[in-house]
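Bear in mind that the values in this text are calculations on the coordinates, not laboratory data. Remember, predicted model here, so these are calculated numbers, not experimental data. Cβ placement follows ideal geometry from the backbone for every residue including glycine, while neighbour counts extend to all protein chains displayed.
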Amino acid sequence: MGALRSAGILDRLGSKLAPALPSWIWRTGDGPRAPDAPVRPRRSFLAMLRHLPQMLRALVRTDEIWLSVLASFVGVIAGLCVVAMTLSTQWAHRVLFLLGPHERLSGQAEIEPLRAVLVPSLGGIAVGLLALAVIRYWPRRAVDPIEANALYGGRMSLNDSLVVVAQTMLSNSVGASVGLEAGYTQIGAALASRFGRLFKVRRNDLRLLVGCGAAGAIAAAFNAPLTGAFYAFELVIGTYSLATLAPVVVASISAVAVVRALIPEEYVLDIRVPGAIEATAYAPMLMLGILCAFGGILIMRGVTVTEELFRKSNMPTWLRPGVGGLAVGVMALMSPQVLSSGHAALQVSLDAPYTLGHIAILILLKSVASAVSLGSGFRGGLFFASLFLGALVGKLFAAAIAVLAIVPAIPTVVCALVGMSALAVAVVGGPLTMAFLTLEATGSLPLTVAVVAAAVLSALTVRRTFGYSFATWRFHLRGEAIRSAVDIGWVRTLTVARMMRREFRTVRGDTAIGTFLRDVPLGAASRAVALDENRIYLGMIQVPEAHAPDSGAKTLLDILHHQDHWLLPQMTIKDAVELFETAEADALVVVDGPETRRVIGLLTEQYALRRYSEELDRRRRDISGE
């Protein structure tokens with residue numbers, strides 16, 4: 001009935017469009033059409049309309065150009081989402097904090113004290129109640145882009161992501177010291193994942209589209225297409241290849257075009273940097289990169305400590321953001337720059353001639369405000385907070401050098417930009433991402449070289465001393481072994497149940513050796529599984545060992561092996577290989593459970609390693625674009 005109804009609709013549509021269509025579409029037969037004859041499109045045209053979705057799916061699946069077209073559409077949607085979220089939160093700031101049309105919250109010299117305290121406090125309670133409702137009525141945990149690409153082949157829930165976006169926007173709107181970048185990438189990547197599944201793209205292409213969504217979001221957020229592209233390569237896709245270049249760059253450019261068309265005045269930093277950097281300045285800037293690395297580690301640890309303190313306080317979960325908001329509001333009385341993400345505060349901090357003491361206090365306030373905001377339950381990220389704090393650390397470093405006069409003075413703006421990038425690398429990751437952010441913000445190649453050196457040193461220091469970015473640190477605390485977005489989800493799907501062999505030889509464990517030798521001659525099998533009278537696993541029998549003349553065994557119970565080692569069907573191939581090494585076995589049985597120990601299969605180490613090698617080779621070919 002559905003097909004007939006669709007055919008009728010298409011026939012009526014074809015009749016209405018017939019006068020405007022070329023004659024080769026609507027004519028039927030070879031002769032001229034009679035004036036009163038019904039106008040019907042050719043069956044081939046109707047079939048084309050009916051199969052248009054399938055045709056588009058086939059084009060996207062088989063042609064890189066059409067995949068790039070889809071990536072461009074993803075970039076446009078991501079840009080629109082960034083614009084909508086930005087304008088919404090700015091409107092909320094104006095209403096809640098009584099700002100002017102072009103004023104920004106973190107750029108204010110002062111905020112009305114009552115609003116500075118009440119808005120974050122009451123807003124925090126609203127965030128807590130929303131979180132309580134989410135836990136009760138929508139208990140699923142949202143998957144972020146890095147986790148989706150690492151474990152789930154790019155599959156993300158759009159509904160879960162919308163909940164995250166709502167929580168992030170509410171947190172930022174009431175002045176919590178969190179950024180919107182996490183919400184930007186969440187919705188951009190989730191929409192990309194939804195479009196990819198609609199077009200039924202392959203697993204690797206779906207991961208690529210998730211990266212395109214995140215690239216478009218970050219590119220739109222900072223008006224920097226190269227920054228967005230390398231954010232996707234380094235943090236969301238996990239690798240760079242020529243096969244992924246075109247879609248990601250197209251998505252970034254499309255998103256930036258949308259933002260520049262709709263809100264061209266946003267995200268423009270007015271930065272003036274020297275035309276050249278003295279060679280003597282590079283060594284201090286490398287030192288600054290190391291200091292920023294340790295600063296980033298302290299911030300990430302601080303968020304964890306704050307969460308633990310709130311957890312141990314036995315305070316109701318819904319009340320914690322309110323208390324955190326109260327603390328942020330009190331700090332805002334000292335400096336409104338601690339509020340929200342800090343876009344305007346970054347510009348102010350780059351220009352203002354702060355004293356050494358004022359910079360140190362501002363670093364402390366912003367660090368504590370960010371840790372308290374996230375630790376108490378506000379939703380958001382540390383992307384822009386790390387940029388702001390890094391700029392402050394750089395200014396503090398430049399001021400300290402000028403006071404101590406150990407080395408020649410370095411321009412404050414240079415140290416601020418180097419510190420901004422180095423601290424962001426420590427917290428967020430992605431040295432090239434931050435290098436391109438500096439390049440696109442300043443247009444200074446000499447400065448970019450200094451930034452790359454400091455960022456790489458910062459990343460190396462964090463990797464050797466801490467081992468995580470903020471996102472992967474959160475995964476680690478949850479028990480997930482994720483260090484990047486590189487696809488390891490296939491390891492979890494390649495389970496023992498998928499690899500095991502269900503045909504194997506079984507014998508009773510109390511069988512006499514003579515009987516076994518008669519029933520299982522040498523060469524008939526290499527091993528057998530010994531069971532008791534209730535068919536519970538007892539151990540493995542090596543057939544050549546049983547046939548050895550000097551075995552001295554009377555029953556099979558005397559020559560059992562691996563009585564305490566077995567595999568479970570839900571184990572991954574990684575767990576299986578580790579158990580083979582522990583047991584020093586070339587084959588192990590698969591049981592339905594450790595209590596029942598009923599044998600359901602057999603897996604050899606050789607076959608497991610071969611499958612593992614095949615999957616690794618397949619992933620390598622996917623990454624290289626073969």
Taking Cα atoms only, helix 605-624 is inclined relative to the longest principal axis of the chain by an angle, in degrees rounded to 10, of 30
Under a no-solvent Debye model with one identical scatterer per Cα of region 414-556, what's log10 I(q)/I(0) at q = 0.16 Å⁻¹?
-0.88
For region 463-600, averaging the sequence separation of alpha carbon pairs under 8 Å that lie six or more residues apart and dividing by its residue count, the contact order in percent is 23
Cβ-Cβ cut-off under 14 Å around LEU557, Lys and Arg +1, Asp and Glu -1: the net charge is -3
Using Cα positions and a limit of under 21 Å, work out the lysines in reach of LYS395, with same-chain residues fewer than 8 apart set aside.
LYS366
Residue exposure sequence - CYS212, CYS292 - by fewest surrounding Cβ within 10 Å
CYS292, CYS212
Among THR596, LEU579, TYR607, which residue has its Cα positioned farthest towards the positive end of the charge dipole of region 491-620, with +1 placed on the Cβ of Lys and Arg, -1 on the Cβ of Asp and Glu, and the dipole taken about the Cα centre?
TYR607
Hey, rough spin-label estimate for GLN606 and HIS547, points 7 angstrom out along Cα→Cβ, what's it come to in nanometres?
1.6
In range of the label at VAL305: residues from region 336-376 whose backbone nitrogen is under 12 Å from the point 7 Å along Cα→Cβ:
368, 371-372
Can you match volume of the Cα convex hull per residue in Å³ to one of these, (1) 162; (2) 257; (3) 199, based on a calculation from the structure here?
(2)
Sequence of VAL256, VAL236, VAL163 once ranked by neighbouring C-beta atoms within 10 Å, starting from the fewest:
VAL163, VAL256, VAL236
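Quick one: if the Förster radius is 30 Å, what FRET efficiency do LEU298 and VAL407 give, using the C-beta to C-beta distance and rounding to 0.05? Before the final figure, lay out each step's value.
On the way: r = 25 Å, r/R0 = 0.83.
For LEU298 and VAL407, the calculated efficiency is 0.75.
Could you tell me the calculated FRET efficiency between VAL95 and ALA133, based on Cβ-Cβ distance and R0 = 25 angstrom, to the nearest 0.05? Let's see the in-between values first.
On the way: r = 23 Å, r/R0 = 0.92.
With R0 = 25 Å, the Cβ-Cβ based efficiency is 0.60.
What is the chain's relative contact order, in percent, from Cα pairs under 8 angstrom and six or more apart in sequence? Don't skip to the end; give the middle numbers.
Numbers: 1128 pairs, mean separation 90.3, N = 626.
Once normalised by length, the contact order is 14 percent.
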Could you work out how far apart the two model spin labels at ILE263 and GLU112 are, taking each label as a point 7 Å from the Cα in the direction of the beta carbon, and quote it in nm?
2.3
Longest principal axis of the chain (C-alpha) makes with the long axis of helix 203-222 (C-alpha) an angle, in degrees to the nearest 10, of 10
Figure the gain on full extension for LEU162 and ARG501 (residue separation times 0.36 nm, minus the Cα-Cα span) and round it to one decimal in nm.
117.7 nm
Can you sort SER313, SER72 by how many other beta carbons sit within 10 Å, fewest first?
SER313, SER72
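For region 59-262, what is the relative contact order in percent, using Cα pairs closer than 8 Å and at least 6 residues apart in sequence? All intermediate terms of the calculation are to be shown ahead of the outcome.
On the way: 341 pairs, mean separation 62.1, N = 204.
Answer for region 59-262 is 30 percent.
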Taking H placed 1.01 Å from N in the peptide plane, check which residues at least 5 places from ILE600 or on another chain put their amide H under 5 Å from its amide H.
VAL590, VAL591, ASP592
Please compute the length gained on full extension between LEU242 and ARG272, using 0.36 nm multiplied by the number of residues separating them and subtracting their Cα-Cα distance.
7.4 nm
If I take the Cα coordinates of region 491-620 and project them onto the principal axes, what are the three extents in Å, biggest first?
51, 30, 24
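Let me have the 222 nm mean residue ellipticity of the chain computed from DSSP H runs of 4+ only, each contributing -39500 (n - 2.57), with the sum over all residues rounded to the nearest 500.
Working: 27 runs with 396 residues, N = 626.
That calculation yields -20500 deg cm²/dmol at 222 nm.
Quick check for me: using +1 on Lys/Arg Cβ and -1 on Asp/Glu Cβ, what's the dipole size of the chain about its Cα centre, in debye to the nearest 20?
Numbers: 57 positive and 46 negative charges, 405 e Å.
Approximately 1940 debye in magnitude.
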Spelling it out for ARG527: with amide H atoms placed in the peptide plane at 1.01 Å from N, the residues 5 or more places away or on another chain with amide H under 5 Å from its amide H are VAL543
Between ASP575 and MET287, the FRET efficiency computed from the C-beta separation at R0 = 51 Å comes out, to the nearest 0.05, as 0.70
Helix 412-428: inclination vs the chain longest Cα principal axis, degrees, rounded to 10, gives 30
What percent antiparallel are the DSSP beta bridges of the chain, to the nearest 5?
75
Could you let me know the centre-to-centre spacing of region 290-348 and region 437-465, using Cα atoms, in angstrom?
26
